[in-house]
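Right, one structure below, let's go through it.
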Amino acid sequence: MRLAQCHNFHDFRRLARSRLPGPIFDYIDGGADDETTLRRNSASFEHCDLLPNVLRGVQQVDLSVTVMGQKLAQPFYCSPTALQRLFHYDGERAVGAAAAKYGTMFGVSSLGTVSLEELRKAYDTPQVYQFYFHRDRGLNRAMMQRAKEAGVEVMMLTVDSITGGNRERDLRTGFSIPFRLTLAGMLQFAIKPRWGIDYVTHEKFRLPQLDEHVDMGGGTMSIGRYFTEMLDPAMNWDDVAEMVKNWNGPFCLKGIMSVEDARRAVDIGCAGIVLSNHGGRQLDGSRSAFDQLAEIVDAVGDRIDVMMDGGIQRGTHVLKALSLGAKAVGLGRYYLYPLAAAGQPGVERALGLLRTELERGMKLMGCTSISQLSRANLRFRPG
């Protein structure tokens, strides 16, 4: 299978699976516990039907939106995700370049593998810095100050990861940074030699956002252990309110799911919230963001920009979320599989396909701009 034969999310996933060692593919692909929420995230869109209008004159379609003060040419963005250079040696560089090509926003993670300064200088498109709240408050302040000095537009705090989810696929393979694999995991790397050759012949893997602060080299640091030992479960609304004040710019909370929390985000001055269950990787059994979207839009949508991520696989999924009131949607696995499969050309192809699907869907819905989408375009199936 080649990149040119990839026409949708599932094709990219298959190509990535054929090229990645099993433990790395499972890290991208897996969820927490029984992976119930992981499956539900995409399935939730299937309970919603689109109701199109016709004869509306739709020669030209405008897909642009403004989110947290950032003008995007598309109503979707590349969510911050960790460890991207493990999936492909270009990592965040490929994602940033593809996002810039399509005029949309991309995120850089605290666990990113390219420095946020390099990415900010290289790609002239809105950039989010996503960070976790560490037990070391000085580290939190230093990370925010670094992002401010680099010129990052939006600060995004992930609030659903104060401890690590139970990702059993990773436990079985021994996936960790640095690698300390089980015998079965080592075999998976042996049968995918191309990945290993790329890994050892390119720039050394590191975590530049953290390497001045966290020693992950003196023994194995699993991702789950990082969440459990480094992050602060005592984080509360007063802590976040102080960060919002200190940042003094667009501040977003990622991982909000309840109306009560959405209202608190408004009260402390956040510019945006992302409804998210972390791609089904944290609390298994939690509600899907799409299912919770209308409730939160109705409560706070006139006072804060509401976004969502989780389960987006098609342009019609984006249409449904926007029709419910989301200002934009975040992509995670949707771009990670093509990144792993083919680097920058893969991410560009995936974003291009999504844009084409969305533009086609808008025309078939009889809408020429995102503002014309509404709940009048939707019907929900019972049950």
Item to check | Cα pair distances exceeding 17 angstrom across the range 226-357, given as percent | outcome: 63 percent
Item to check | Relative contact order of the range 47-159, defined on C-alpha pairs under 8 angstrom at six or more residues apart (%) | outcome: 21 percent
Item to check | Cα pair distances of the chain binned at 20 Å [whole percent] | outcome: 29, 61, 10, 0
Checklist outcome for this item: Connecting every pair of Cα atoms under 10 Å apart in the chain and solving the GNM, the largest mean-square fluctuation among Leu63, Leu55, Leu139 falls on Leu55
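Could you sort 239-250, 317-328 so that the peptide with the highest average Cβ count within 10 Å comes first and the rest follow in order?
Sorting 239-250, 317-328 by mean packing, highest first, produces 317-328, 239-250.
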Checklist entry - In whole percent, what relative contact order does the chain give with Cα contacts below 8 Å and a gap of six or more residues? => result 29 percent
Next on the checklist: Taking 25 Å as R0, compute the FRET efficiency from the Cβ-Cβ separation of Asn236 and Asp302 and round it to 0.05.
Outcome noted: 0.40
Item to check | Computed label-point distance, nm, for sites Ser18 and Arg39 using a 7 Å Cα→Cβ extension | outcome: 2.7 nm
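In a shell of Cβ-Cβ distance under 15 Å around Gln130, excluding Gln130 itself, what net charge do Lys and Arg (+1) and Asp and Glu (-1) give?
+1
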Next on the checklist: Give me, ordered by chain and number, the residues 5 or more places off Gln74 or on other chains with an amide H under 5 Å from its own placed amide H.
Outcome noted: Val65
Checklist outcome for this item: Stretched fully, the stretch from Lys245 through Asp49 gains (0.36 nm per residue minus C-alpha distance, one decimal, in nm) 66.4 nm
Checklist entry - With charges only on Cβ, +1 for K and R and -1 for D and E, what is the dipole size of the chain about its Cα centre, in debye, rounded to 20? => result 1120 debye
Checklist entry - Given the alpha-carbon gyration tensor of the range 1-151, what are the semi-axes of its equivalent ellipsoid in whole angstrom, ordered largest first, with each equal to the square root of 5 times an eigenvalue? => result 29, 24, 18
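On the accessible surface of the chain, probed at 1.4 Å, how many percent belong to carbon and sulfur atoms?
In the chain, the share of accessible area belonging to carbon and sulfur is 50 percent.
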Checklist outcome for this item: Once phi for every residue in the range 70-83 is put through the Karplus expression 6.51 cos²θ - 1.76 cosθ + 1.60 (θ = phi - 60°), the whole-Hz ³J(HN,Hα) values, with Gly and Pro written as x, are 9, 8, 10, 6, 10, x, 9, 9, 8, 4, x, 9, 7, 6
Next on the checklist: Give me the extension gain from Phe380 to Arg206: residue separation times 0.36 nm, minus the current Cα-Cα distance, reported in nm with one decimal.
Outcome noted: 58.0 nm
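Can you tell me the accessible area per residue over the chain, all protein chains present, probe 1.4 angstrom, in square angstrom?
On a per-residue basis, the chain sits at 41 Å².
The values are calculated or read from the model by the stated rules, or taken from the named source; none is laboratory data. Being a predicted model, the structure only gives us computed values, none of them experimental. Because the Cβ atoms are built from the backbone with ideal geometry, glycine has one as well, and the counts that use them run over all protein chains shown. In case anyone asks, the SASA skips ligands and DNA or RNA and just uses the protein heavy atoms, side chains included. Shrake-Rupley method; radii C 1.70, N 1.55, O 1.52, S 1.80 Å.
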